[in-house]
Structures are given as structure tokens and as C-alpha cells.
Amino acid sequence: MGRTNFLTRLSRINVWRSSGRRAPHKPLLMLYALGRVEQGKKRLVSYCEVEKNLTSLLRRFGPPTQSFHPEFPFGRLPNDELWDIPGVEAVFRTKSGDLHKSSLIQHEIRGGLREADYEILLGDDRLTQEAANLLLEAHFPQSMHSDIRSAVGLREFAVMREAWAVRDALSRARKPAFRHEVLRAYEYRCAVCEYDIRLGDELLGLEAAHVKWHAAGGPDEVQNGLALCGFHHKAFDRGAWALEADEPSYRILISSEVHGRSDAIRLLRDYRGKGLQVPQRSDWLPDAKFVRWHIKEVFRRPAV
């Protein structure tokens with residue numbers, strides 16, 4: 001099969017898409033499996049263990065929701081030629097053809113990477129990291145990568161050329177000028193706190209954030225961008241704050257899940273209800289459709 005073949009299959013995971021909604025279930029399950037490889041764990045893992053761990057990952061890194069269905073990616077990933085479920089014939093299926101959760105538990109079903117892929121990965125640490133980088137880049141913003149790696153037990157690693165080559169051949173290219181255009185629009189300061197620290201002529205920690213993530217199909221255009229300091233960028237991508245949709249001034253909403261005792265909590269709470277620092281031109285304001293996507297797919301509702 002080979003390493004390039006594995007990376008190609010990984011890049012072609014069939015992720016459910018509907019009206020821009022996020023469905024990171026399969027990518028998170030594969031990252032969890034890659035973490036198990038790196039930790040030297042067995043290929044197959046019980047559905048009960050997957051349910052516990054994948055639910056935790058979806059709660060942290062998936063879209064805001066009250067219900068989680070780890071049985072769906074567990075049962076559907078074999079269709080992507082990446083997952084193996086020995087004894088699956090004994091499992092009852094729902095009317096839609098999905099594996100029945102209670103039957104998975106009753107029959108003590110286990111699943112895992114395909115044996116050939118697992119053997120290749122065991123002997124190739126670089127491939128494991130290339131695969132992780134490919135999944136993270138394709139499905140999550142950069143600000144979340146380290147947290148996800150830590151959650152699934154993958155160590156930090158440099159981006160590898162082969163994975164990038166596969167990704168670039170199969171995905172949308174990024175617009176190199178996006179960062180410059182967004183920072184210029186907001187006069188090189190954070191749109192929330194006006195952070196603009198420089199070391200000499202070099203900006204320190206000011207970033208161009210996508211309102212609708214690039215990994216979710218968001219365009220590299222100023223109307224989908226915000227100039228944010230590193231803290232407010234990461235907090236935005238994790239859903240700690242959002243912009244009020246359909247408001248010309250775009251007031252700042254803070255998630256009710258935000259809490260803390262240190263003075264650092266003021267970096268969020270002090271901006272609750274305040275207006276966004278506007279860009280130089282009104283037509284550079286965030287497009288309302290991207291703001292609504294972020295509220296629906298990322299923001300940890302309700303607001304306080």
C-alpha cells in the first residue's frame with residue numbers, strides 16, 4: 001500500500017457536509033488512533049473506550065451541541081478504507097444502515113486502523129506525524145493544533161513535506177496575501193483589545209484570524225478576517241467569544257462557559273458587550289454570513 005497511498009486515503013476522508021456545518025468526527029477518531037500508535041498501544045480498541053474518549057474530544061473540539069454520536073464515525077470509517085471492525089457482522093444496524101450503539105457494546109466490538117496501515121505506522125514515526133499534520137491542517141485552525149495533539153497523545157513535530165504535498169494536491173490553496181490584507185485593514189492592531197506591540201519594526205503576536213475557518217471552506221478575504229492578538233485568536237477559534245450577528249457594530253459576546261479567578265479573566269469579560277474595533281473601510285467589516293457560521297458552529301452558547 002505504501003506511505004503515500006495511506007496519506008492520500010487520509011486526505012480523502014468523506015466528511016459529512018451540510019450548509020457549512022462542522023463534522024470533525026472522523027478526523028478526531030483518526031487522530032485518536034494515531035495517538036495510540038505513537039504511544040505503542042494495540043491496534044484494536046473497544047467501542048466503549050472509543051465512545052468515552054471520542055465524546056470528550058468532540059465536546060472540546062467539535063461544534064457546540066448537546067448530543068454526541070461516536071458510533072457514527074466508528075461504523076462509517078471503514079468506508080474510507082482506513083478502519084477495521086472485526087466481527088462487525090454480528091452488530092445490529094439502524095434503519096439508516098449505521099451500527100447500533102447498544103449492539104456495539106453488547107458484542108464487545110473493537111475497531112482500529114487497518115492492519116497493513118498500522119504496521120507501516122509502527123515502523124515509521126515520521127509517517128504518523130505527517131498524517132496528524134495533514135488531518136489537523138485540513139479540518140482545524142492552526143490555533144487548535146497543539147491542544148488537539150496533547151488531547152490525543154501526539155507529541156509536537158515539524159510539518160513534513162510529503163504530507164503537505166498530498167494536501168496541496170487535493171485541497172484549496174491559501175491566499176498568501178490574506179494576513180497582510182487583514183492586518184492592514186485593522187491598522188495592525190487587535191480588533192478586540194487594540195494590542196499592537198512591536199519589537200523594532202516587527203509585530204509580536206498579531207495574527208489574521210478567519211471568522212469562518214479555512215478548513216470549513218471559509219475564503220481568504222478581508223470580509224472573513226479579523227486582526228487578533230494570539231490570545232483573542234485562540235479564544236475565538238475555541239468559541240470563548242463571538243460577534244453578535246446582524247449587528248452593524250458587531251458587539252462582542254462572551255460564552256457562559258468562560259470562568260477563572262485570576263485577573264487574566266478580564267481579557268475576555270472586560271470586552272463583553274463592547275463593539276469590535278472597526279477596520280479602515282466599512283466594506284471590510286466581517287460578512288454577516290461568516291459571523292453567523294461562527295456563532296452556530298464554534299461559539300459555546302449561551303452568552304452571558
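The values are calculated or read from the model by the stated rules, or taken from the named source; none is laboratory data. These numbers come from a predicted model, not from an experiment. Neighbour counts are summed over all protein chains in view; Cβ atoms, including those assigned to glycine, are modelled from backbone coordinates with ideal geometry. SASA here: full protein model, heavy atoms, side chains in, ligands and nucleic acids out. Shrake-Rupley method; radii C 1.70, N 1.55, O 1.52, S 1.80 Å.
Those residues that are hydrophobic (A, V, I, L, M, F, W, C) and touching a residue at least 40 places away in the same chain (Cβ under 8 Å), I need them from region 245-277; list them, please.
If the condition is that a residue be hydrophobic (A, V, I, L, M, F, W, C) and touching a residue at least 40 places away in the same chain (Cβ under 8 Å), then ALA245, ILE252, LEU253, ILE254, VAL258, LEU267, LEU276 are the ones that fit.
Does SER103 count as more than 23 Å from the chain's Cα centre (by Cα) and in a helix (DSSP H, G or I)?
yes
Taking the criterion of being crowded, with 20+ Cβ neighbours inside 10 Å and aromatic (Phe, Trp, Tyr), would at least one residue in region 223-234 satisfy it?
no
So ASP283 clears everything in (1) more than 18 Å from ALA209 (Cβ to Cβ); (2) open to solvent by less than 50 Å² (accessible area, probe 1.4 Å) except one condition, right? Which one?
Every listed condition holds for ASP283 apart from (2).
Sort out which residues of region 134-151 are farther than 20 Å from GLY40 by Cβ and open to solvent by 10 Å² or more (accessible area, probe 1.4 Å), and write them in order of number.
GLU137, ALA138, HIS139, PRO141, GLN142, SER143, HIS145, SER146, ASP147
Within region 57-68, does at least one residue satisfy the condition of being open to solvent by 60 Å² or more (accessible area, probe 1.4 Å) and under 20 Å from ARG93 (Cα atoms)?
yes
Can you confirm whether region 220-228 contains a residue that is at pLDDT below 95 and in a loop (DSSP other than H, G, I, E, B)?
Looking for residues that are at pLDDT below 95 and in a loop (DSSP other than H, G, I, E, B), one finds none in region 220-228, hence no.
Out of the residues in region 101-114 meeting the condition of being open to solvent by 20 Å² or more (accessible area, probe 1.4 Å) and not aliphatic (A, V, I, L, M), tell me which one is nearest to ALA23 (Cα to Cα).
Only one residue tops the list, namely LYS101.
Would you call TYR186 open to solvent by 30 Å² or more (accessible area, probe 1.4 Å), at pLDDT 95 or above and not hydrophobic (A, V, I, L, M, F, W, C)?
Taking the combined requirement at face value, the residue does not satisfy it.
Filter region 41-56 down to the residues that are touching a residue at least 40 places away in the same chain (Cβ under 8 Å) and either part of a loop (DSSP other than H, G, I, E, B) or aliphatic (A, V, I, L, M) (or both), then identify the one that is most open to solvent (accessible area, probe 1.4 Å).
Across region 41-56, the extreme among qualifying residues is LYS42.
Scan region 194-244 residue by residue and report those that are β-branched (Val, Ile, Thr), more than 30 Å from ARG12 (Cβ to Cβ) and in contact (Cβ under 8 Å) with a residue 40 or more places away in the chain.
Selection gives VAL222 alone.
Would you check which residues across region 69-100 are over 17 Å from LEU31 (Cβ atoms) and either of a type in the set (Lys, Arg) or open to solvent by less than 30 Å² (accessible area, probe 1.4 Å) (or both) and list them?
Across region 69-100, the qualifying residues are GLU71, GLY75, ILE85, VAL91, ARG93, LYS95, ASP98, LEU99.
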